[in-house]
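Some notes on the structure that comes next.
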Amino acid sequence: MVIRFAKEDELERINVLRKQVNDLHVEGKPDVFKPGFNEELQNYVYYIFKDPEQKIVVADKDGEICGFAILHHIYKPENPFMKVRDFLDIDEFCVDEKHRREGIATALVEFIKNFAKEQGYHRLELNMWEFNQDALAFYEAAGFETFRRYMEMFI
Ligand SMILES: CC(C)(COP(=O)(O)OP(=O)(O)OC[C@H]1O[C@@H](n2cnc3c(N)ncnc32)[C@H](O)[C@@H]1OP(=O)(O)O)[C@@H](O)C(=O)NCCC(=O)NCCS
């Protein structure tokens, strides 16, 4: 398996995986996520691909793209409350449901860590929805720690 950056002709396949994540979110948080994977969401991957602040990483297993991650460089200048923040955010992350528990996500994170270090970043960040306990189990196994929480109450 090779982990590398995506090519433009792989974006349609990446959208198949993006739809898996979208469907999972719709099922787990239907009060927030819209069902279907509409054209705007599908086309967004082309915007990401061309954005110099974003990168798409893929796992290529014998010519099949079986996982991907989207990296987004975030720079937040200092303000009266906070110091400057400059980090890589993992915006989207998925391994094809047919290829889970084969170590593919672990390999993606290793690649991302090495790339981030090479680029001079000292911190990776991501956010996830609380219902997604499988993702939490993976992220914790990969070494991420919770540093902030969102809470809600239905009234
Ligand atoms: C979360 C996800 C990326 C993990 O990918 P993966 O390639 O299956 O993960 P790995 O095989 O590298 O797992 C490494 C370790 O993480 C933990 N882990 C991974 N998936 C797990 C799960 N479903 N339940 C419990 N632990 C899990 C285990 O410790 C695992 O090691 P093991 O298989 O030796 O027990 C994958 O399940 C996925 O794409 N889910 C749907 C999309 C999603 O939720 N994306 C993230 C939020 S946007």
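Key figures
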quantity	calculated
Qualifying residue in region 84-96 (condition: at pLDDT 95 or above and farther than 27 Å from A141 by Cα)	yes
Pair list, Cβ < 6 Å and 6+ apart or interchain, from region 99-113 residues that are under 12 Å from F138 (Cβ atoms) to residues that are near the ligand (Cβ under 6 Å from one of its atoms) and in a helix (DSSP H, G or I)	A105/F138
Residue among F138, F111 that alone is assigned to a helix (DSSP H, G or I), crowded, with 16+ Cβ neighbours inside 10 Å and more than 8 Å from the ligand (Cβ to nearest atom)	F111
Criterion (surrounded by fewer than 19 Cβ atoms within 10 Å (Cβ to Cβ), under 23 Å from F33 (Cβ atoms) and in contact (Cβ under 8 Å) with a residue 24 or more places away in the chain) met by exactly one of D60, D89	D89
Those residues of region 82-105 which are over 16 Å from I56 (Cα atoms) and touching a helix residue (DSSP H, G or I) at 6+ places or on another chain (Cβ under 8 Å), in sequence order	E97
Test for K83: is it over 20 Å from E118 (Cβ atoms) and either of a type outside the set (G, A, S) or surrounded by 13 or more Cβ atoms within 10 Å (Cβ to Cβ) (or both)	yes
Those residues of region 22-52 which are away from the ligand (no atom under 16 Å from the Cβ) and within 19 Å of L71 (Cβ to Cβ), in sequence order	Y46, Y47, F49, K50, D51, P52
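The values are calculated or read from the model by the stated rules, or taken from the named source; none is laboratory data. As the structure is a computational prediction, the values presented were derived from the model and not from experiment. All Cβ positions, even for glycine, are placed from backbone atoms using ideal geometry, and neighbour counts span all protein chains on display.
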